[in-house]
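Asks: Dropping the structure in here first, questions after.
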Amino acid sequence: MTELYKRPDFILDEPFTYCPGCSHGIVHRLLCEVIDELGIRGDTVGICSIGCAVRIWNFIELDFIQATHGRALAFATGAKRANPDKCIFTYQGDGDAMSIGTAETIHAIARGEKVTVLFVNNTYFGATGGQLAPTTLPGQKTTTYPEGRTADRIGNPIRTCELLSTLDSEGYIARVALDTPAHIRQAKAALKKAFQTQLSGEGYGFVEFLGCCPSNLKLNSPVEAWEWIGNHSSKYFPLGEFKLPRSMQEV
Amino acid sequence: MSKRTLMKGTVAIGEAAIRAGCRNYFGYPITPQSELLEYMAEQLPKRGGVFVQSESELAGISMVHGAAATGQRSMTSSSSPGISLMQEEISTIASAELPVVIVNVTRGSPGLGRITPAQSDYNQACKGGGQGDYKLIVLTPASVQEMAELTSLAFHLADKYMTPAMILGDAFAGQMMESIDEEALNPKFEEPEKPWAATGVKDGKRHMVLTAPFTDAELITLNERLQAKYRLIAENETRWEEYRAEDADILLVAFGTPSRFAKAAINSLRDDGYRVGLIRPITVCPYPYQVINEYAKHVSFFLDIEMNEGQMLEDVRLAVNGQCPVHFLGGGGGKLTPPDVIVAHVKELCGGDKI
Ligand SMILES: Cc1ncc(C[n+]2csc(CCOP(=O)(O)OP(=O)(O)O)c2C)c(N)n1
Ligand code: SF4
Ligand SMILES: [Mg+2]
């Protein structure tokens, strides 16, 4: 019998503290699978950031450096420049990478830092209880804009992949969704390319995962969370690959 | 005889840092210390190190944090407004218990201020400019030679105690050209092994450089551990210089550039028959409370001289503990108290009586 699926052995035997239907758990698993398949566990260092996944180190047995809120890509720059032969990734929420850490994100990508970014867009500041994020959808209710996001009060969401792909640096940029098994398989393939782009020395790998924060959306089940991604989030944030490194471009 | 060389203060810091094994420098330009940034930009890549001009001081100190967490000697430098921006990260580095060196070539403040020399970041450096109960090791050079010596010492102490160390200089010391003993540029200590470095899981063992404890109890334990470490640092690493202090009846207290003015004033006052001496704190954190407390038993008064509105004054008073009067001379925003001003002030305080 062939084993098609198993829990990566360096996901620690700790219960996830995420809400049911939360996307962070799925991204954790994909991360472990990709690192396992690439055989780079002994050379990989994760930079964990502030947000609901702040304790990712408690679930995944890798080396970790904990960053301040928004600064993960500056940490990654320091760690990678000091150790060009190591594999460095950041794990960041949308608030972390595109609100308080926008400058660090744009500049690290503009410099073409050879690191991998796992950017989990759940359209909320999840950890602090559902405030507006730079990615909150038009009309979406948050604790700070309870009537829903309107452009006249706080502007429209930032499409991060589109923004970053205008920069002239070498790398891989993709947006994937975590709503269906097919999409999750695509997400894993994208994440693998994002690591391969770093490992080949070509550039950065940036993957935006469209996830969901069912607790703050006040959804009733994980199924509703997955449906919400397909019906709302991926309508505003189109899926796809926005930039490929030279080695992945068709000739 | 050892060789002497003419050097600028900021360059002496850079050269001493590289010789001490500093592999990574990240920073953002700001006067009056951009020469240090430029020196590192020119030298580090040639000598096997890393230089990145960061997009901000927030990013610069965070890059330092990331590089230091992989076990390599790393530093940044800036001047007052830039150092203010770094405060959250500095507190975080202290709580992560990482060795890092930060240089502040202080300028006149508050606000943007001007690039006049000043010492008005004393409180920020010594009393915890960022959140929480943490301390830095703060070293205050008074000459170009000391800029070099204290830089290697800062790397050594940071590693020894796993804590951030700061060189707190002023624009005078930073910009001045002075002849120094070349030997001062060389480190006096070996860099220790860093088995805690986060560079990947090895032999089934992982490494974590974390700042946020997992439980409430662990945060209390972290605080207790930090405080015990700071007590040990105070016991072992408090440094100061005494100048003509032994038989003095009046003691001046000054660090950095004002201590040089004070020495000149002391020589002139001594010629006039005043028994004046100087205590010059070299570490202002930990502070030499004890030596000042001892002298306070014998002297008539202390005169604290600073290029700020009297930030160290509180520490001098704490040390003296009411045993004799403590006076203040100085001011912020770039105000200077040259030797003749000190001489006149001491004479006035003595009411014309030689003692
Ligand atoms: C300097 C600073 N400001 C604010 C906070 C509070 N804070 C913690 S997490 C967070 C938002 C996180 O949102 P996101 O990055 O989207 O992560 P999520 O929880 O949604 O996964 C905020 C504002 C902080 N820790 N530090
Ligand atoms: S609050 Fe939202 S992001 Fe945080 S764990 Fe719950 S569902 Fe996930
Ligand atoms: Mg979020």
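Asks: For labels at B:T215 and A:D36 in the simple 7 Å Cα→Cβ model, what's the distance in nm?
Replies: The answer from the label model is 3.0 nm.
Asks: I've got another one for you. Is the shape of region A:46-137 best called rounded, prolate or oblate, per the rule: a/c under 1.5 gives rounded, else a/b larger than b/c gives prolate, else oblate, with a ≥ b ≥ c the square roots of the Cα gyration tensor eigenvalues?
Replies: Since a/c reaches 1.5 but b/c is at least a/b, the shape of region A:46-137 is classed as oblate.
Asks: A:A182 to A:E227: FRET efficiency via 1/(1 + (r/R0)^6), r the Cβ-Cβ distance, R0 22 Å, to the nearest 0.05?
Replies: Taking R0 as 22 Å, the efficiency between A:A182 and A:E227 is 0.90.
Asks: For region B:108-179 and region B:265-289, write down the distance between their C-alpha centroids in whole Å.
Replies: Cα centroid of region B:108-179 versus Cα centroid of region B:265-289: 20 Å apart.
Asks: Could I have the simple spin-label model distance between A:T128 and B:R47, label points 7 Å from Cα toward Cβ, reported in nm to one decimal?
Replies: For A:T128 paired with B:R47, the spin-label model returns 4.2 nm.
Asks: Looking only at other chains, what is the average number of their beta-carbon atoms within 10 angstrom of each beta-carbon in B:77-89?
Replies: Per residue, the number of nearby Cβ atoms from other chains is 1 on average.
Asks: Ranked by Cβ crowding within 10 angstrom, fewest neighbours first, how are B:D181, A:D179, A:D9 ordered?
Replies: Ordered by Cβ neighbours within 10 Å, fewest first: A:D9, B:D181, A:D179.
Asks: Springs between alpha-carbon pairs under 10 angstrom, Gaussian network model over chain B: which of B:G310, B:G332, B:G48 fluctuates most?
Replies: Among B:G310, B:G332, B:G48, the largest mean-square fluctuation in the Gaussian network model of chain B belongs to B:G48.
Asks: Sorted by packing (mean other beta-carbon atoms within 10 Å per residue), highest first, where do A:181-191, B:237-247, B:58-68 land?
Replies: So the order, starting with the most tightly packed, is B:58-68, A:181-191, B:237-247.
Asks: Would you mind pulling out the separation of the Cα centroids of region A:224-242 and region B:8-37, in Å?
Replies: For region A:224-242 versus region B:8-37, the Cα centre distance is 48 Å.
Asks: Still on this structure, I have one more. Can you pull out the GluC sites (Glu not before Pro) in region A:1-69 that DSSP calls coil and that have at most 14 other Cβ atoms within 10 Å?
Replies: A:E3
Asks: If each residue of separation counts as 0.36 nm, what is the full-extension length gain between B:L318 and B:E294 once their alpha-carbon separation is subtracted?
Replies: Full-extension gain reported as 7.4 nm.
Asks: What aspartates and glutamates could a cross-link reach from A:K6, if we take a straight Cα to Cα line under 13 Å and drop same-chain neighbours fewer than 8 places away?
Replies: Straight-line reach from A:K6, under 13 Å: A:E33, A:D36, A:E37.
Asks: Neighbouring Cβ atoms within 10 Å as the yardstick, rank A:T144, A:T136, B:T116, B:T76 fewest first.
Replies: Result, fewest neighbours first: A:T144, B:T116, A:T136, B:T76.
Asks: Is it possible to state the helix-based mean residue ellipticity at 222 nm for chain A, with each DSSP H run of 4+ residues giving -39500 (n - 2.57), the sum divided by total residues, to the nearest 500 deg cm²/dmol? What is it?
Replies: So the helix-based figure for chain A works out to -8500 deg cm²/dmol.
Asks: Note down the magnitude of the dipole of the protein assembly as shown about its Cα centre, charges +1 on Lys and Arg C-beta and -1 on Asp and Glu C-beta and zero elsewhere, to the nearest 20 debye.
Replies: Here the size comes out at about 760 debye.
Asks: Full extension from A:E250 to A:F10: what is 0.36 nm times the residue separation minus their Cα-Cα distance, to one decimal in nm?
Replies: Contour length minus Cα-Cα distance gives 82.9 nm.
Asks: Related question: By residue number, which cysteines of chain B lack any other Cys whose Cβ falls under 4.7 Å from their Cβ?
Replies: Singleton cysteines: B:C22, B:C324, B:C350.
Asks: Further question on the same structure: Would you mind telling me which residue in B:M177, B:M208, B:M147 has the biggest mean-square fluctuation in a Gaussian network model of chain B, where springs connect alpha carbons within a distance under 10 angstrom?
Replies: Comparing B:M177, B:M208, B:M147 in a Gaussian network model of chain B, the most mobile one is B:M208.
Each value in this text was obtained by applying a stated rule to the coordinates, not by laboratory testing. Worth saying up front: this structure is predicted, and the values here are computed from it rather than measured. Cβ coordinates were reconstructed from backbone atoms using ideal geometry, including for glycine residues, and neighbour counts include every protein chain displayed.
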